[in-house]
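This report concerns only the one structure given below.
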């Protein structure tokens, strides 16, 4: 470390106080659920991700139906087993007879899947991240292979930042489940620094947030 | 091809376009917006995590071995690159692998794995776009994060046009579309995925990958065999350690709060079903020593093992930004590439370290505060002692004797230095480029016109000036002393040696140590009598506070460092109100301020800017980095220093001239000379702009 002296010590002390205060206020906001939703949506928009706040499963279905109009073949659904997921599969199958709605726990190939819908375990507001768990290659592939990916997450699964998830991650890893953080669409800046979407993973990324208790 | 010729070739190729610089500037602009979100406390915590992980490496390897065994994966430790390549080859043969998809792994570049696999007819496809471009071009990466940063879109399009056998337009969007299609086919066909790892967690065996493209995910989703190849230093103890580092890595690397894809990947995963049945994925971790364990015992360079590969040092390195990693690097490039090349490929491959001008910006940029300039000087020293120092550096090492000698006969010296033929001879025999203007020697040096000034009402000050001010700009020192005496200080200028930066810069560390010992002894004795040291030259201050304590590792050197201040930092400590009281206002003056690399106030403030603003000037400022001259480095002829130095200077001046100041102002005599040479704007030292109020 550089020369230690009174100036540096004072600076560090101020820095520590500032951080403690910021962290404390952020945590309070986080616990109260005040700012995480707003922050999460802002961060996603900055990343070029379209976000929708859905107030009911009907609302969600309406939004999804408008997005899948162009989908000709299959929709793949993956992620945590929630009531929303069950209801969505049921309704999608009913509303879209010509589309095969398949679940990612099957062995169906993903090569023809144009759109996938995922139910992440958690989200991080400060980085605009959704976190999936997966225990098989098909679950991985269903998140990354299709051109379009939609994440659906309940508002109360949005935590503030990476510091808040240490225990969650350790628990998943202990159970043998890998975790994938996704923060925006796949991108590269390898050619003259120009950001291009979709070099490998989904080119278009939507996040639907369910406003209400997780089911 | 000699290093000098490589430099000149790259400079001519990159001229005015500066692709490396522009790519790095884009990243720096993004970083500037969010870097303040990282606290000093967190940086210290991460440094500690890395220190502990290297300290406990053996235990962590064993913990990892157990965790992987529990999950049915194998851990192999390879002594060197060859052994690691053989291990991979063996697995390929055992499972009949003919196609390998690789996701960005610098370590596989380090061991040149592709060559070994391809020699056995195993096809390797790089899946990171930048890596794929350089693979098809038959080149090495020029940047650890942007392997193809050195290429234009037109060059990239030509590569793919040749590869696909049909025209590909020079449009990144179109190129990406084409490549995406091809990659997807390869993922499905590949028999093995090879990835690197940003981190490996000893607690649970997870490997962590951080990417923006998502190529690692698709490679892993489909391949039945996964080989992880990483350096042993990538092992961290716990998930918590990784999460802490993730808070600083993307912010520093690409200016993102988090990279697009971060995976905590366990070896228990099953691969994507082929023929509709689930295969158990085979996972092998090959961790490579290749010099790392030895480096761990090497106290002088050990801290480079804390490097998290964020490339912050590459983003700011002035010579690297002008010539790129093919010249300024071997496999690892830029400032961090110097020690990493020594560790992994041996000292003989570090000749490019001569391109490091010891500006020190790399350390300032490093989130882990790795003392890269010092480590790089150590590498230069070891290279010099083993293979011989470059002849030019051996001559320039004697700069102080040369200046002292020339100053004894100033008229003759000035005449010689202004004569074209004499300059040509100097260029040939000493190595100073004849195009580089040199400052004039004066009839009297500082020692002849100044002894001491003022009375110690508020304290005693040693004014440390260094050679250039002593011999060529003594007026600045006199004015500096008058200002301090007006503020109530007694000022003395004792007989000291030059700070020794050129010796450090070229790796003559024994000589530098001798100078440091002499100066520290003199200054320490005066400090004990109640003096503080005030350096008028930023480089002198950098030596006192950064290099001397490291070179000597003594209590005396630390005491000197703690009692040393930059001149304007000291004025700030006295208080701008007092400074305003004794100096005339310069209201209405518009200046563009250049911050010298070594001008580092302890509180991080830009003190000269504050000084000028306190006196009423309008200051235009843009943090652009090193002026390019860097002492005698930019004086060295042609591609050894001068030509790179001029390119750096031209870029800076182009930017400064857009800002709107009437002058360029800087407190470093070296930067001042550089701008006088490359700029059309007048250049001033801050003290040239001010006058004592009492003179009125």
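Does the stretch B:198-217 include one or more residues that are free of Cβ contacts under 8 Å to residues at least 60 places away in the same chain, part of a helix (DSSP H, G or I) and within 15 Å of residue B:265 (Cβ to Cβ)?
For the stretch B:198-217, residues free of Cβ contacts under 8 Å to residues at least 60 places away in the same chain, part of a helix (DSSP H, G or I) and within 15 Å of residue B:265 (Cβ to Cβ): present.
Going by the conditions given, is residue B:545 touching a strand residue (DSSP E or B) at 6+ places or on another chain (Cβ under 7 Å), assigned to a helix (DSSP H, G or I) and closer than 23 Å to residue B:672 by Cα? Talk me through it step by step, then tell me what you get.
Values: touching a strand residue (DSSP E or B) at 6+ places or on another chain (Cβ under 7 Å): yes; assigned to a helix (DSSP H, G or I): yes; closer than 23 Å to residue B:672 by Cα: yes.
Criteria met by residue B:545.
Among the residues of the stretch B:159-178, are any in a loop (DSSP other than H, G, I, E, B), farther than 26 Å from residue B:304 by Cα, without any contact (Cβ under 8 Å) to a residue 40 or more places away in the chain and within 10 Å of chain A (Cβ to nearest Cβ)?
Checking the stretch B:159-178: at least one residue is in a loop (DSSP other than H, G, I, E, B), farther than 26 Å from residue B:304 by Cα, without any contact (Cβ under 8 Å) to a residue 40 or more places away in the chain and within 10 Å of chain A (Cβ to nearest Cβ).
Out of B:620, B:656, report the one residue that is surrounded by fewer than 21 Cβ atoms within 10 Å (Cβ to Cβ) and over 19 Å from the mean Cα position of the chain (by Cα).
B:620
So which residues in the stretch A:171-193 are at the interface with another protein chain (Cβ under 7 Å from one of its Cβ atoms) and out of contact with any strand residue (DSSP E or B) (no Cβ under 9 Å at 6 or more places or on another chain), if there are any at all?
Those that are at the interface with another protein chain (Cβ under 7 Å from one of its Cβ atoms) and out of contact with any strand residue (DSSP E or B) (no Cβ under 9 Å at 6 or more places or on another chain): A:174, A:176, A:191, A:192, A:193.
Looking only at the stretch A:140-170, which residues are in a loop (DSSP other than H, G, I, E, B), surrounded by 24 or more Cβ atoms within 10 Å (Cβ to Cβ) and within 10 Å of another protein chain (Cβ to nearest Cβ)?
Once the filter is applied, which keeps residues that are in a loop (DSSP other than H, G, I, E, B), surrounded by 24 or more Cβ atoms within 10 Å (Cβ to Cβ) and within 10 Å of another protein chain (Cβ to nearest Cβ), the stretch A:140-170 yields only A:145.
In the stretch B:179-207, what count of residues is obtained for those that are touching a helix residue (DSSP H, G or I) at 6+ places or on another chain (Cβ under 9 Å) and surrounded by fewer than 16 Cβ atoms within 10 Å (Cβ to Cβ)?
3
For the condition more than 11 Å from chain A (Cβ to nearest Cβ), in contact with a strand residue (DSSP E or B) (Cβ under 9 Å, 6 or more places away or on another chain), without any contact (Cβ under 8 Å) to a residue 40 or more places away in the chain and surrounded by fewer than 17 Cβ atoms within 10 Å (Cβ to Cβ), what is the one hit in B:123, B:140? Even if it seems obvious, please write down each step before you answer.
Working: B:140 fails: without any contact (Cβ under 8 Å) to a residue 40 or more places away in the chain.
Within the list B:123, B:140, the selection yields B:123.
Which condition breaks for residue B:189 when tested against (1) facing chain A (nearest Cβ under 9 Å); (2) modelled with pLDDT under 95?
(1)
Could you please let me know if residue B:21 is within 13 Å of chain A (Cβ to nearest Cβ), surrounded by 19 or more Cβ atoms within 10 Å (Cβ to Cβ) and outside any loop (DSSP other than H, G, I, E, B)? If you could, list the steps in order and put the result at the bottom.
Working: within 13 Å of chain A (Cβ to nearest Cβ): yes; surrounded by 19 or more Cβ atoms within 10 Å (Cβ to Cβ): yes; outside any loop (DSSP other than H, G, I, E, B): yes.
Answer is yes for this residue.
Condition first: out of contact with any strand residue (DSSP E or B) (no Cβ under 8 Å at 6 or more places or on another chain), buried (at least 18 other Cβ atoms within 10 Å of the Cβ) and either at pLDDT 95 or above or assigned by TED's automatic domain parsing to the domain that holds residue B:545 (or both). Can you find one or more residues in the stretch B:414-429 that meet it?
no
Here is a list: B:415, B:411, B:444, B:482. Which entry is in a loop (DSSP other than H, G, I, E, B) and farther than 16 Å from residue B:670 by Cα?
B:444
Working carefully through the options B:209, B:218, B:246, find the one that is within 7 Å of chain A (Cβ to nearest Cβ) and at pLDDT 90 or above.
Every option except B:246 fails the conditions.
With respect to the numbered conditions (1) part of a loop (DSSP other than H, G, I, E, B); (2) out of contact with any strand residue (DSSP E or B) (no Cβ under 9 Å at 6 or more places or on another chain); (3) exposed (fewer than 14 other Cβ atoms within 10 Å of the Cβ), which one is the sole condition not fulfilled by residue B:358?
Failing condition for residue B:358: (3).
Against the condition within 22 Å of the chain's Cα centre (by Cα), under 24 Å from residue B:253 (Cβ atoms), facing chain A (nearest Cβ under 10 Å) and surrounded by fewer than 17 Cβ atoms within 10 Å (Cβ to Cβ), how does residue B:44 come out, does it pass?
Spelling it out, residue B:44 is indeed within 22 Å of the chain's Cα centre (by Cα), under 24 Å from residue B:253 (Cβ atoms), facing chain A (nearest Cβ under 10 Å) and surrounded by fewer than 17 Cβ atoms within 10 Å (Cβ to Cβ).
The values are calculated or read from the model by the stated rules, or taken from the named source; none is laboratory data. As the structure is a prediction and not an experimental result, all values here were calculated from the model. No Cβ is skipped: glycine too gets one built from the backbone with ideal geometry, and neighbour counts run over all protein chains shown.
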